[in-house]
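Below: the structure, in structure tokens.
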Number of protein chains: 2
Amino acid sequence: VETYLLSVGTALPGPALDNTALAALFQVGDAWEEWVNRFIGTRTRHLSVDLDSGEVTAWLADLGTEAGGRALTAAALDPAEVDLIILATSSPDQLMPATVNVIADRLGIDGVPTFQLQSGCSGAVQALDVARQMLLTGRHHRALVIGGDVTAKQYDLTVDPARIPQADMVNAVLFGDGAGAAVLSTAPRAGSPVVREVRVRLAGRGRAPGHQVDWFGVADRASGRPGTSEDYHAVEALVPVLAGELLKELLADLDWKAADLDYLLPPQLSGRMTAEIVRSLAVPDTVEVSCVRDTGNTGNALPFFQLERLLPAMTPGQRAVAVAIESSKWIKSGFAVEQPTR
Amino acid sequence: VETYLLSVGTALPGPALDNTALAALFQVGDAWEEWVNRFIGTRTRHLSVDLDSGEVTAWLADLGTEAGGRALTAAALDPAEVDLIILATSSPDQLMPATVNVIADRLGIDGVPTFQLQSGCSGAVQALDVARQMLLTGRHHRALVIGGDVTAKQYDLTVDPARIPQADMVNAVLFGDGAGAAVLSTAPRAGSPVVREVRVRLAGRGRAPGHQVDWFGVADRASGRPGTSEDYHAVEALVPVLAGELLKELLADLDWKAADLDYLLPPQLSGRMTAEIVRSLAVPDTVEVSCVRDTGNTGNALPFFQLERLLPAMTPGQRAVAVAIESSKWIKSGFAVEQPTR
């Protein structure tokens, strides 16, 4: 049994928001914008909240349904043919019901196993991993895999711009909202690449978290603690190392050599960090497939945006690897796809 | 390949809290307590929050580590031998990092795939399902499966007891905190039952959620909306129906007859509801394995408490089925274990 990647669909909320718009929101000037362009290298992102009105313009269920529907349409698959659905996210709309089940209902999918993974930047890879293993046992045949994140609940727009901490401004630059989806099938289809391997490994032992996202219940919502915190020094230091380890392990799993690769889908933390990681991975003669300058880091959605750019480009016999590093508690992950020779 | 259930471990926070203590907290009298005893039938539960001080006495990571450690000890397994870890919960300590990775770190597990399922009363079954499928592909050999829930974040103890809505009082009666864990292995061990089948099916199409648990971000924490809501009329009406459907489907999967069963692990909503469901399932000559009168509904932990009671009782050739119904967006789930004949 092989798992074929039949299609990809994505969804982004609202219009592209550029650094000029963020500079205006934060009431900072051209120098800040220039700094973002130069030292972060992320130019636009899309947000699920309207920054003027504070209104939520898209929930995860909205974006997930849109992306999932597009992937099904692109695969010419009826929702009733899907026999497994998996969503990965760090930002579910509610804790219960799991958002995957709301999306399933809207897409007209029922009577199948559904799973929702609580995950960060390795989430799309985790969801591909679970789906692929379940196809490989032969129990399932057509899986809809979705990843997405929406940060609307973490944007407190009532705060005086002068009091927004620098860290929150950096987060607003780095992260974007969106969802992506893919259809995996055990039945080959002309032009569809095979998912040759998926690898997910915790690398967190004894390491403090690099990225934390909190939530509040009714008991602690009055607390003033922040919703998110990051250790960007640790991220800058560790992500390239883990990316290098994972790429090596993945190639060893596959018995592939770096020289066999045609495409590289690198981690997408920011434009600049991505460029640095691509340099450090030193995979010669591969085409880089990146989206972060346009979308920002969309977390669980991001590899789907990369796959959306990859799929039309692949020709028979070509190989691609993707690497995603989650800085929460440090997870290294990646996958490999190959377009069969005719 | 078969998947063997080597061991179970559980953890409960604090002392057992009886209905007299809840009646005192809510400043209601003997009549209320008598009503709970008679019409709900749940006598005690354990909570991860001290009701006097409001202090959180246990986080999910604490209980999950305790239960997981006990399951490993009972299986005489070193943490380094675990090659897969899966946690199911509706109440993660944070959104990121996923609590499963904190537990892994504390147990000394690293370098393996980790998954955290966002789920309710079907979560333990979902986690068993994912683990079993991953063992069946041959990629993994020893999985630690954990389920747990802690409700501390949803207990607002600053509220005037006279103003606590009736629904919140009912929730406090019905739900308890706890964690459970099991070790699954592809290597047979004397006295360990085989997990013959795991079945999870969404049954939510067109149905409104029966149970919702919300969370707040920094943007909406000032909102006055409640943290949880339930539709107990829908739960009472639908859970027995879905339990009956699932049991029938599970037996058909296995080609077993109801008369072949020795033990029944029924859904554990409350003492009274459980008794009604057992009657409606009409499985003759089975021993009921329940824990809800002592623990309350511990959500993702609950089937592990049932398994903890089941395992020492099973003798060679005996069969047991468990049924768990999640009312969030309506998921029917269950599993079957069989003690091999010598």
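The values are calculated or read from the model by the stated rules, or taken from the named source; none is laboratory data. Bear in mind that the values here come from a model prediction, so they are computed numbers and not experimental data. With ideal geometry, Cβ positions are generated from the backbone for all residues, glycine too; neighbour counts draw on all protein chains shown. Ligands, DNA and RNA are excluded from the accessible area calculation, which covers all protein heavy atoms including side chains. Shrake-Rupley method; radii C 1.70, N 1.55, O 1.52, S 1.80 Å.
Do any of A:Lys153/A:Lys329; A:Lys329/B:Lys332; A:Lys257/A:Lys332; A:Lys332/B:Lys332; B:Lys153/B:Lys248; A:Lys332/B:Lys329 go past 29 Å between their Cα atoms, and which?
A:Lys329/B:Lys332; A:Lys332/B:Lys332; B:Lys153/B:Lys248; A:Lys332/B:Lys329, as the Cα separations exceed 29 Å there.
Run the accessible area of region A:65-170 with a 1.4 Å probe and give the carbon-and-sulfur part as a rounded percent.
52 percent
Take the alpha carbon gyration tensor of region A:15-56, find the square roots of its eigenvalues, order them as a ≥ b ≥ c, and report rounded if a/c is under 1.5; if not, report prolate when a/b exceeds b/c, else oblate.
Since a/c reaches 1.5 but b/c is at least a/b, the shape of region A:15-56 is classed as oblate.
In square angstrom, what is the accessible area per residue of region B:220-321 with a 1.4 angstrom probe?
42 Å²
Provide the convex hull volume over Cα atoms per residue for region B:1-154, in Å³.
Convex hull volume per residue, Cα atoms: 124 Å³.
Say we join alpha carbon atoms closer than 10 Å with springs in a Gaussian network model of chain A; which of A:Arg38, A:Arg199, A:Arg70 then has the biggest fluctuation?
In this elastic network of chain A, the residue with the biggest mean-square fluctuation among A:Arg38, A:Arg199, A:Arg70 is A:Arg38.
What number, in nm² with one decimal, is the all-direction average of the projected area of the convex hull of the alpha-carbon atoms of chain B?
Hull-based average projected area comes out at 17.2 nm².
Calculate the dipole size of the protein assembly as shown relative to its Cα centre from +1 charges on Lys and Arg beta carbons and -1 charges on Asp and Glu beta carbons; express the result in debye to the nearest 20.
Magnitude of the dipole: close to 1400 debye.
Please work out the Cα center distance from region A:1-71 to region A:256-322, rounded to the nearest Å.
If you average the Cα positions of each part, the centres end up 19 Å apart.
Taking the Cα centre as origin and putting +1 on Lys and Arg beta-carbons and -1 on Asp and Glu beta-carbons, what dipole magnitude results for region A:114-164, to the nearest 20 debye?
300 debye
Please give the net charge around B:Val102, taking every other residue with its beta carbon less than 9 angstrom from that of B:Val102, where Lys and Arg add +1 and Asp and Glu add -1. Mind showing how you got there, number by number?
Details: positive: A:Lys329, B:Arg106; negative: B:Asp93, B:Asp105.
Once positives and negatives cancel, what remains is 0.
Write out the GluC sites (Glu not before Pro) in region B:29-118 meeting two conditions: DSSP loop, and at most 14 other Cβ atoms within 10 Å of their Cβ.
Qualifying residues, ordered by number: B:Glu55.
Inter-copy label distances at B:Pro284, 7 Å along the Cα→beta-carbon direction, one decimal in nm, shortest first?
Nearest to farthest, the other copies are at 7.7 nm.
Percent of accessible area on region A:225-342 owned by carbon and sulfur, 1.4 Å probe?
52 percent
Across peptide A:100-113, how many C-beta atoms of other chains are within 10 Å of each residue C-beta, on average?
Mean partner-chain Cβ count within 10 Å for A:100-113: 5.
For region B:212-342, give the share of DSSP beta bridges that are antiparallel, in percent and rounded to the nearest 5; count only bridges with both residues there.
Within region B:212-342, antiparallel bridges account for around 65 percent of the total.
How many partner chain Cβ atoms sit within 10 Å of a residue's Cβ in peptide A:135-147, on average, as a whole number?
2
I'd like to check one number: the per residue accessible area of region B:27-101, probe 1.4 Å, reported in Å² as a whole number.
Working: 2940 Å² over 75 residues.
Ligands and nucleic acids excluded, the result is 39 Å² per residue.
Sort region A:295-342 into rounded, prolate or oblate with this rule: let a ≥ b ≥ c be the square roots of the eigenvalues of the Cα gyration tensor; rounded if a/c is under 1.5, and if a/c is not under 1.5, prolate when a/b is larger than b/c, oblate otherwise.
Oblate, because a/c is 1.5 or more while a/b does not exceed b/c.
Considering the options B:Leu238, B:Ser327, A:Val283, tell which one lies farthest towards the positive end of the dipole of the protein assembly as shown, charges being +1 on Lys and Arg and -1 on Asp and Glu at the Cβ, about the Cα centre.
A:Val283
How big is the Rg/Rh ratio for the protein assembly as shown, C-alpha atoms only, Rh by Kirkwood, two decimals? List each step's numbers first, then the result.
Working: Rg = 24.5 Å, Rh = 25.4 Å.
With Rh from the inverse mean 1/r over Cα pairs, Rg/Rh is 0.96.
Based on DSSP H assignment, which helices of chain B show an axial Cα extent of at least 20 Å together with a mean Kyte-Doolittle hydropathy greater than or equal to -1.0?
Result, helices passing both filters: B:60-74, B:232-254.
Determine the dipole magnitude for region B:186-236: charges of +1 sit on the beta-carbon of Lys and Arg, -1 on that of Asp and Glu, nothing else is charged, the reference point is the Cα centre, and the result goes in debye to the nearest 20.
Numbers: 8 positive and 6 negative charges, 73 e Å.
About 360 debye.
Return the value, in Å² to the nearest 100, of accessible area buried between chains B and A (probe 1.4 Å, both sides summed).
Values: alone 15160 and 15160 Å², together 24170 Å².
Chains B and A together bury roughly 6200 Å² of accessible area.
Let me check I've understood the local charge: for B:Ser91, count other residues with C-beta under 12 angstrom from its C-beta, Lys and Arg +1, Asp and Glu -1. What total comes out?
Numbers: positive: B:Lys153; negative: B:Asp93, B:Asp149, B:Asp177, B:Asp214.
Here the charged neighbours net out to -3.
Which translational diffusion coefficient, to the nearest whole µm²/s, is obtained for region A:191-342 from the Stokes-Einstein equation, given a Kirkwood hydrodynamic radius over C-alpha pairs, 37 °C and 0.692 mPa s? List each step's numbers first, then the result.
Working: Rh = 16.5 Å.
Value of D from the Cα-based Kirkwood radius: 199 µm²/s.
Go through region A:183-217 and flag every residue whose accessible area shrinks by 30 Å² or more with all protein chains in place compared to the isolated chain (probe 1.4 Å).
Residues meeting the cut-off: A:Val200, A:Arg201, A:Leu202, A:Arg205, A:Gln212, A:Val213, A:Asp214, A:Trp215, A:Phe216.
Expressed in whole Å with the largest first, what are the equivalent ellipsoid semi-axes of region B:74-221 derived from the C-alpha gyration tensor as the square root of 5 times each eigenvalue?
Value: 33, 18, 15 Å, ordered largest first.
Can you give the three extents of the C-alpha atoms in region B:144-241 along their principal axes, from longest to shortest, in whole Å?
Principal extents (largest minus smallest coordinate, Cα): 56, 31, 29 Å.
How many nanometers, to one decimal and shortest first, lie between the label point of B:Arg38 and those of its other copies, if labels sit 7 Å from Cα toward Cβ?
Copy-to-copy label distances for B:Arg38: 7.9 nm.
Relative to the other copies, what are the label-point distances for B:Glu236, with labels 7 Å from Cα along the C-beta vector, expressed in nm at one decimal and sorted shortest first?
Spacings between copies for this position, smallest first, are 6.2 nm.
Tell me the net charge near A:Gly123. Cut-off is 11 Å between Cβ atoms, A:Gly123 excluded, with +1 for each Lys or Arg and -1 for each Asp or Glu.
Spelling it out: positives minus negatives among the neighbours equals -3.
Tally the DSSP beta bridges in the protein assembly as shown and give the antiparallel ones as a percent, rounded to 5.
So the antiparallel bridges amount to about 70 percent of the total.
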